[in-house]
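Q: Have a look at this one.
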Amino acid sequence: MATGDPLPAALGNALADFSRHLAAERSLSPHTVRAYQGDILSLLDFAAQQGIAHPGELDLTTLRGWLATQYASGAARTTIARRGAAARTFTAYAHRQGWLATDPGPRLASPKARRTLPQVLRKDEINRALADTEHSAAQGQGAADGNDRIAAALAIRDAAVLELLYATAIRVSELCGLDTDGLDASRRTVRVLGKGSKERVVPVGIPAMRAVARWQERGRPVLASDRSGAALFLGARGGRLDPRAARRAVYAQFGGAHARLDGVKAVGPHAIRHTAATHLLEGGADLRSVQEFLGHATPATTQIYTHVSAERLKATYRQAHPRA
């Protein structure tokens, strides 16, 4: 069998069953399911080239041989670690389904990914960005021309998007999934549907509430159409704001080819999430509260932000202390 040929029927069916399990039973996001599918398709394609036609024939030698090809092709350490984890998840599922008599996954060693610290903006950098979007939103108010009104509405929207991302540290997919009734103005909270379809309620600061209220009053009606439905944030054509458009709006504000602010790092929405979490910890919030705020399943995921704060403290010390 050559690379790219269709999988044997039993392997193809196993991959389809596994994908349905991830989406329906584990409620993983479409993006995560696609990542698993790609990794397991690679594994099963390799297995088929070794003459394997049924998932019950997978063994430790096959798994190790597949990972060895990843090493040989120059795959990054993080990629190999992720694919090893995907293989273990698949073989555990195959064992539960009765396809494998024993699960070889736990004996599959793969390198631990080196965890790099997330990119975080300084408080003065995020404040500059928020002030700039506020200025842009205020400038466009009162525009009469059709194109000018749309541009003004988009500026108001982008100011609200950036304020809400920083105020709540929600993911861009969570922001785009918000409906108009998700924001509680009286309690200053937003109801978010996160990973695994888990709902959480996140507090929202006063500046962000004001920015979103302005968007709902002056920006959203300009863009609203039959396609809008209950979506809180809209794209230029009136449909629900797409995560890619939201990312472009954030990238346009920071360092890049068309950035509005000079001297500020090129970052996207996830860096705003990292920034908000780090600033919370630096402001005295405890790790457990930040974990709930971010919607992390375990404190271990949130722990990375304590390392970010420590590194920033050491960098400040090295710059400021005469005998550092």
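The values are calculated or read from the model by the stated rules, or taken from the named source; none is laboratory data. Note that the structure is a prediction, hence the values are computed from the model and not measured. Because the Cβ atoms are built from the backbone with ideal geometry, glycine has one as well, and the counts that use them run over all protein chains shown. To get the accessible areas, we keep the full protein, side chains included, count just its heavy atoms, and leave off ligands, DNA and RNA. Shrake-Rupley method; radii C 1.70, N 1.55, O 1.52, S 1.80 Å.
Q: Mean separation of Cα pairs under 8 Å and 6+ residues apart, divided by the residue count of the chain: what relative contact order is that in percent?
A: RCO, the chain: 14 percent.
Q: Another question about this same structure. Ordering THR32, THR78 by how much accessible area each has at a 1.4 Å probe, largest first, what is the list?
A: Greatest to least solvent exposure: THR78, THR32.
Q: Are there trypsin sites (Lys or Arg not before Pro) in region 51-109 that DSSP puts in a loop and that have at most 16 other Cβ atoms within 10 Å, and which ones?
A: none
Q: In addition: Springs between alpha-carbon pairs under 10 angstrom, Gaussian network model over the chain: which of ALA152, ALA131, ALA68 fluctuates most?
A: In this elastic network of the chain, the residue with the biggest mean-square fluctuation among ALA152, ALA131, ALA68 is ALA68.
Q: Anyone know which of VAL172, VAL202, VAL33 comes out most mobile in the 10 Å Cα GNM of the chain?
A: VAL33
Q: Further, regarding this structure: How many Å² of accessible area per residue for the chain, probe 1.4 Å?
A: Value returned for the chain: 52 Å² of accessible area per residue.
Q: At a probe size of 1.4 Å, how large is the accessible area of TRP99, to the nearest 10 Å²?
A: Accessible area of TRP99: about 60 Å².
Q: Accessible area of the chain with a 1.4 Å probe: how many percent of it is carbon plus sulfur?
A: Here it works out to 51 percent.
Q: Report the trypsin sites (Lys or Arg not before Pro) located in region 153-196 that are in a DSSP loop and have at most 10 other Cβ atoms inside 10 Å of their Cβ, or state none.
A: Hits after loop and neighbour filter: ARG187.
Q: Sticking with this structure for a sec: Just want to confirm a number: the relative contact order over region 168-231, from Cα pairs under 8 angstrom separated by 6+ residues, in percent.
A: Here the relative contact order equals 31 percent.
Q: To continue, here is another question. With point charges of +1 on the Cβ of Lys and Arg and -1 on the Cβ of Asp and Glu, referenced to the Cα centre of region 1-133, which listed residue (LEU41, ILE126, PRO30) lies farthest in the positive direction of the dipole?
A: Sorting the options by dipole projection puts first ILE126.
Q: At 1.4 Å probe size, with no ligands or nucleic acids counted, give the accessible surface of GLU57 in Å², nearest ten.
A: 90
Q: Sticking with this one: Express in Å², to the nearest 10, the accessible area of HIS296 obtained by rolling a 1.4 Å probe over the protein heavy atoms while all chains stay in place.
A: HIS296 exposes around 30 Å² with every protein chain in place.
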